[in-house]
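Asks: If you scroll down you'll find the structure; I have some questions about it.
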Amino acid sequence: MLVTKLDDSKSLLGEAYDLCQEGEYTLALEYYDLVLFKDPKNLMALIDKGVTLQNLGKYRQAIKCYDKVLEIDPRNKTTLVNKGSALHSIRKYHDAIDCYDMALEIDSKYAMAIVYKGLALGELGLLKQAIKCFNDALRIDKKYDLALNNKAMALQLLKANDKLKPKLQKP
């Protein structure tokens, strides 16, 4: 049965997706590798393999998959955001922001890229810039939970920082 499926990349990708939904990431990777063995430039397999590796905490391997996609399709905004997310996970916030900015050059209304950029800016302690990103994303999608929740958190942190400042200053 697997031999028959080797001829059908779409079917293998569907199976891999289902395996990921069930949390069977390692087995899903084998399916992606089967597709990529037959077609090394299959963008869907490369992207989904990268996401699966990211789910397994294998961020550097995920980034390599995303880089392969970007060699083929440098304007793939989803892959740029995925790569940025993987870079964020390994605390390379400036590199992550570069990826989000590239995605935003392609689509300035890409709310996810804006929010993720805000998250990276927040990690760098740039709370006012992060809040601006969250506000920009909320202008695009008023109900974007990630933007709403992180805006609230950033505002609380900013308020807490402001309360500390007078105590730290000398009279």
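Asks: Using a simple spin-label model with points 7 Å from Cα along the Cα→Cβ vector, what separation in nm is obtained for LYS159 and LYS10?
Replies: 5.3 nm
Asks: Net charge within 12 Å of LEU80 by Cβ-Cβ distance, Lys/Arg positive one each and Asp/Glu negative one each, not counting LEU80 itself?
Replies: Combined, the nearby Lys, Arg, Asp and Glu give -3.
Asks: If you take every residue apart from ARG139 with its C-beta less than 13 Å away from the C-beta of ARG139, what net charge results, scoring Lys and Arg +1 and Asp and Glu -1?
Replies: Once all neighbours under 13 Å are counted, the net charge is +3.
Asks: Moving on to the next point. Whole-Hz Karplus ³J(HN,Hα) for segment 99-110, in order, using 6.51 cos²θ - 1.76 cosθ + 1.60 and θ = phi - 60°, x for Gly and Pro?
Replies: 5, 5, 5, 5, 5, 6, 5, 7, 9, 5, 9, 7
Asks: Between helix 59-72 and the chain, what is the angle of the helix's C-alpha long axis to the longest principal axis, kept within 0 to 90° and rounded to the nearest 10?
Replies: Approximately 70 degrees, to the nearest ten.
Asks: Keeping every protein chain in place, order VAL51, VAL115 by accessible area at 1.4 Å, biggest value first, i.e. largest first.
Replies: Accessible-area ranking of VAL51, VAL115, largest first: VAL51, VAL115.
Asks: Okay, moving on. Largest first, what is the accessible-area ranking of LYS77, LYS68, LYS142 with a 1.4 Å probe?
Replies: LYS142, LYS68, LYS77
Asks: While we're on this one: Can you give the log10 of the normalised intensity I(q)/I(0) at q = 0.10, 0.19, 0.25 Å⁻¹, computed with Debye over equal Cα scatterers of segment 1-95?
Replies: Those come out to -0.25, -0.84, -1.27, one per q.
Asks: Need one number: nm distance between label points at GLU105 and ILE72, each 7 Å from Cα along Cα→Cβ, rounded to one decimal.
Replies: Distance between the two pseudo-spin positions: 2.2 nm.
Asks: Percent of Cα-Cα pairs per 10 Å bin, from 0 to the last occupied bin, for the chain, please list those.
Replies: Pairs per bin, as whole percents: 11, 30, 29, 18, 8, 3, 1, 0.
Asks: Taking the Cα-to-Cβ direction at GLU22 and at ARG60 and moving 7 Å from each Cα, how far apart do the two end points lie in nm?
Replies: Calculated label separation equals 3.2 nm.
Asks: Same structure, new question: What accessible area per residue, rounded to a whole number of Å², is obtained for segment 48-96 using a probe radius of 1.4 Å? Walk me through the numbers on the way to the answer.
Replies: Numbers: 2530 Å² over 49 residues.
Roughly 52 Å² per residue, with all protein chains present.
Asks: Computed over the Cα atoms of segment 30-73, what is the ratio Rg over Rh, Rh following Kirkwood?
Replies: Values: Rg = 9.5 Å, Rh = 10.1 Å.
Ratio of gyration radius to Kirkwood radius for segment 30-73: 0.94.
Asks: Sticking with this one: Greater than 19 Å separation of Cα atoms is the criterion. Which listed pairs, LYS38/LYS77; LYS41/LYS83; LYS41/LYS92, meet it? Write down the numbers at each step before the final one.
Replies: Numbers: LYS38/LYS77 25 Å; LYS41/LYS83 17 Å; LYS41/LYS92 27 Å.
Over 19 Å apart, Cα to Cα: LYS38/LYS77; LYS41/LYS92.
The values are calculated or read from the model by the stated rules, or taken from the named source; none is laboratory data. This structure is a prediction, so every number in the text was calculated from the model and none was measured. Glycine gets a Cβ as well: all are built from the backbone with ideal geometry, and neighbour counts include every protein chain shown. Accessible surface is based on the protein model in full, side chains and every heavy atom, while ligands, DNA and RNA are left aside. Shrake-Rupley method; radii C 1.70, N 1.55, O 1.52, S 1.80 Å.
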